[in-house]
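A.B. asks: Below is one structure. I have some questions about it.
Read-outs: derived from the displayed coordinates by stated rules, not from any lab. For clarity, every value in this text was computed on a predicted model and none was experimentally measured. Cβ placement follows ideal geometry from the backbone for every residue including glycine, while neighbour counts extend to all protein chains displayed.
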Number of protein chains: 2
Amino acid sequence: MSDKKTKATASRLLEAAIEVFAKYGFDGASTRMLVNEAGVNISAIPYYFGSKEGLYEAVIEHIITTVLARQEEKSKEIFQALNKTDLTKGQARALLHDFVTSFIDILLSQRTSPSMVEIMIREQIHPSSVFDRFYDEMLKPTHEILTHLTAFLIGRKPECEEAILCTHTILGQFVIFKTHQELMLRRAGWQQYGLREMDAIKMMVLRNVDAILDANRKNEP
Amino acid sequence: MSDKKTKATASRLLEAAIEVFAKYGFDGASTRMLVNEAGVNISAIPYYFGSKEGLYEAVIEHIITTVLARQEEKSKEIFQALNKTDLTKGQARALLHDFVTSFIDILLSQRTSPSMVEIMIREQIHPSSVFDRFYDEMLKPTHEILTHLTAFLIGRKPECEEAILCTHTILGQFVIFKTHQELMLRRAGWQQYGLREMDAIKMMVLRNVDAILDANRKNEP
DNA sequence: GTCTATAGTCGGATAGAC
DNA sequence: GTCTATCCGACTATAGAC
C-alpha cells in the first residue's frame, strides 16, 4: 500500500509538471504551482526528484520514452523497407506520407499530448542542459530515418547535405503550423485546429512534399 | 547635457535589454542582469520604463519600428507591383524570391540582428500580452502581402484559405532553420550558419518554393 | 511517506540622499 | 538623473514532527 501511494504521488507530480512546464516554461513555473496542480505537498519535489530541475529532467525522460514508444512501430517499418533491395519509389513515398500525416496529428491535434509537444518545441528554441539527451535519443534517430527515406526518393546518399537540407524543409512545412500557430489561426480566422482544418493542412503539406521531392530528384527528371 | 545623458542611459538599457531578453527570456532575465549588462543603476528600470514589464514593452516597440523600417521599401515595391494590371508571373516570382532571400538573411545571419529575431520567435511560441501589437503592426501586414503575392502566383484570391495555407508552408521552409537551428547544425555537422551554409539553404528553399507554387497553381498546369 | 514550519536566497520595486 | 540602502514578497530547499 505504501508503494501504491508513493507511485501515485510521484506520478501525479510528474503528470502535473508536464502541463505546468508546458504552459509556463521552466523559469515561469514555480514549485508552488507544480505542487498545487498535482495536489501534493511542496516537499514532494525534493523528496522524489531531488529538486525542481530534477523534476524537469524526469519530465524530459518521460517524454522521450513516450514518444519513442509511439514511433517505434512506424520507425521499424521504415527501417525494414529501406533495407529491402526491391523498395519502389511508390512504396517509399507512401511511407513518407504516412509518417508526415501522423506527425501532423501528434503535433497539432489537441487530443494526443499537446503539453509534451509544447515542451519539445520549447527545448528546440532554447536548448537547456537536457537538449543533448533529447537530440541523441529522439531527434537524431527520427531525423535520420526521415533523411534516409528522403535520400532514397531524390536519388541521393543519406549522408549528403542535400538530403539533410531537403528533409529539414519538409519538416518545416508543417512544424510552422505549431511554432507559428497563433499567426496561422488569426490569418485564417480559425478558432483552433479542428478536424476540417487539420485535413486542409495535411492536404496542402502532402502536395508540397511531393512537389519538393520531384524538384530535388537527381537522376530521372 | 542632461538630455544627452538621459538618452544615453535609457537607450543603453534598452539595447542591453534586447540582448538579455533574447538570451534568457522574460522570466529568465532578472533586473540585475539587465542593469549590469547595460552598466546602469538598478533604479533606471522603474525610472525610465516604469517596471521590468515596461522595459520589455519598450523592447517590443523598438523591434517593431526597426523591422518595419527595414521592410518598408520592399513591401512598397511589392504593393505597387500587385496593383499593376500587367504584372507577369515572372516578375511576381522574382519579387517573391527576393523577399524570401532577404528574409532568410535577416532570420539566420548573425550579422543583422539575431537578438531581435530571437525575441520575435519567442513571442510566436508563447504569445505574451504584447503579441497583439506584434501581430497587428508586423506579422499581419507582412503575411498579408506575401499571401497576395502567392495568391497571384497560384491563380487564387488573396483571401482564400489555400493561399494563406500555401504562404504559411512557404514560410515554414526557412523559418524551421531558425526554430530548429540546433537540430539542423548537429545533423549537418555545421558550426554555424556561415556564408556557404546560407547559400545552400537559400538554393534549396527557392527551388522548393517554385515547386510548391507550381504544384498549387489552379488554372494552367 | 507526508506534513508544517522555516531557513536562506533572490526577485522587483521604492525611499530618499546627493 | 543617479546613486545606496532597504523593503517585502516569492522563491527553492530543508529540518524535523508525525
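A.B. asks: Rounded to the nearest 20 debye, what is the charge dipole size of the range A:1-50 about its Cα centre when +1 sits on each Lys and Arg Cβ and -1 on each Asp and Glu Cβ? Numbers along the way, then the final one.
C.D. replies: On the way: 6 positive and 5 negative charges, 38 e Å.
With only Lys, Arg, Asp and Glu charged at Cβ, the dipole is about 180 debye.
A.B. asks: Sticking with this structure for a sec: In debye, nearest 20: dipole of the protein assembly as shown around its Cα centre with unit charges on the Cβ of K, R (+) and D, E (-)? Walk me through the intermediate numbers first.
C.D. replies: Values: 54 positive and 58 negative charges, 22 e Å.
The calculation lands at about 100 debye.
A.B. asks: Summing Lys, Arg as +1 and Asp, Glu as -1, what charge do residues with Cβ under 10 Å from the Cβ of A:His143 carry, A:His143 excluded?
C.D. replies: Numbers: positive: A:Lys140, B:Arg186, B:Arg187; negative: A:Glu144.
Surrounding charge for A:His143 is +2.
A.B. asks: May I pose another question? Which parts of the range A:128-144 would a label at B:Lys23 reach, counting a residue when its backbone N lies under 20 Å from a point 7 Å out along Cα-to-Cβ?
C.D. replies: Label zone hits: A:128-131.
A.B. asks: Considering only B:Gly39, B:Leu185, B:Ile18, whose Cα is most displaced toward the positive end of the charge dipole of chain B, charges sitting on Cβ of Lys, Arg (+1) and Asp, Glu (-1)?
C.D. replies: Toward the positive end, the furthest listed residue is B:Leu185.
A.B. asks: May I ask you to compute the full-extension gain from B:Asp136 to B:Asp199, defined as 0.36 nm times their residue separation minus their alpha-carbon distance, rounded to one decimal in nm? Please report the intermediate quantities before stating the final value.
C.D. replies: Numbers: separation 63, 0.36 × 63 = 22.68 nm, distance 3.19 nm.
Extra length available between B:Asp136 and B:Asp199 comes to 19.5 nm.
A.B. asks: Please give the residues of the range B:179-219, grouped as numeric ranges, whose backbone N is less than 20 Å from a label point set 7 Å along the Cα-to-Cβ vector of A:Arg70.
C.D. replies: So the set is B:180.
A.B. asks: Same structure, new question: Out of the range B:140-221, which trypsin sites (Lys or Arg not before Pro) are coil in DSSP terms and have no more than 12 other C-beta atoms within 10 Å? Write out the running numbers ahead of the final one.
C.D. replies: Working: sites: B:Arg156, B:Lys178, B:Arg186, B:Arg187, B:Arg196, B:Lys202, B:Arg207, B:Arg217, B:Lys218; in loops: B:Arg156, B:Arg217, B:Lys218.
Answer in residue order: B:Lys218.
A.B. asks: Given R₀ = 22 Å, what would the calculated FRET efficiency be for A:Ser109 paired with A:Glu61, taking r from the Cβ atoms and rounding to 0.05?
C.D. replies: On the way: r = 24 Å, r/R0 = 1.07.
The pair A:Ser109/A:Glu61 has a calculated efficiency of 0.40.
A.B. asks: Calculated FRET efficiency, B:Arg186 and B:Arg217, Cβ-Cβ r, R0 51 Å, to nearest 0.05?
C.D. replies: Details: r = 37 Å, r/R0 = 0.72.
Step by step, r from the Cβ atoms, then E = 0.90.
A.B. asks: Over 30 Å between C-alpha atoms is what I'm after, so list which of B:Lys52/B:Lys74; B:Lys84/B:Lys140; A:Lys89/B:Lys157; A:Lys202/B:Lys157; A:Lys202/B:Lys84; A:Lys76/B:Lys218 land there. Walk me through the numbers on the way to the answer.
C.D. replies: On the way: B:Lys52/B:Lys74 34 Å; B:Lys84/B:Lys140 23 Å; A:Lys89/B:Lys157 35 Å; A:Lys202/B:Lys157 21 Å; A:Lys202/B:Lys84 34 Å; A:Lys76/B:Lys218 38 Å.
Beyond 30 Å: B:Lys52/B:Lys74; A:Lys89/B:Lys157; A:Lys202/B:Lys84; A:Lys76/B:Lys218.
A.B. asks: Across the range B:203-218, in residue order, what do the Karplus-derived ³J(HN,Hα) couplings come to in whole Hz, using 6.51 cos²θ - 1.76 cosθ + 1.60 with θ = phi - 60° and x for Gly and Pro?
C.D. replies: Values, residue by residue: 4, 4, 5, 5, 4, 5, 4, 4, 4, 5, 4, 4, 5, 9, 5, 7 Hz.
A.B. asks: Hey, for A:Gln192 with labels 7 Å out along Cα-Cβ, what do the inter-copy distances come to in nm, ordered shortest first?
C.D. replies: 4.3
A.B. asks: To the nearest 0.05, what FRET efficiency results for B:Ser11 and A:Asn83 with a Förster distance of 60 Å applied to their C-beta separation? Walk me through the numbers before you get to the answer.
C.D. replies: Working: r = 61 Å, r/R0 = 1.02.
Efficiency, from the Cβ-Cβ distance: 0.50.
A.B. asks: Follow-up question, since we're still on this one. Work out the length of the dipole vector of the range A:60-216 about its Cα centre, built from +1 on the beta-carbon of each Lys and Arg and -1 on the beta-carbon of each Asp and Glu, and round it to the nearest 20 debye. Write down the numbers at each step before the final one.
C.D. replies: Details: 18 positive and 21 negative charges, 90 e Å.
In total the dipole reaches around 440 debye.
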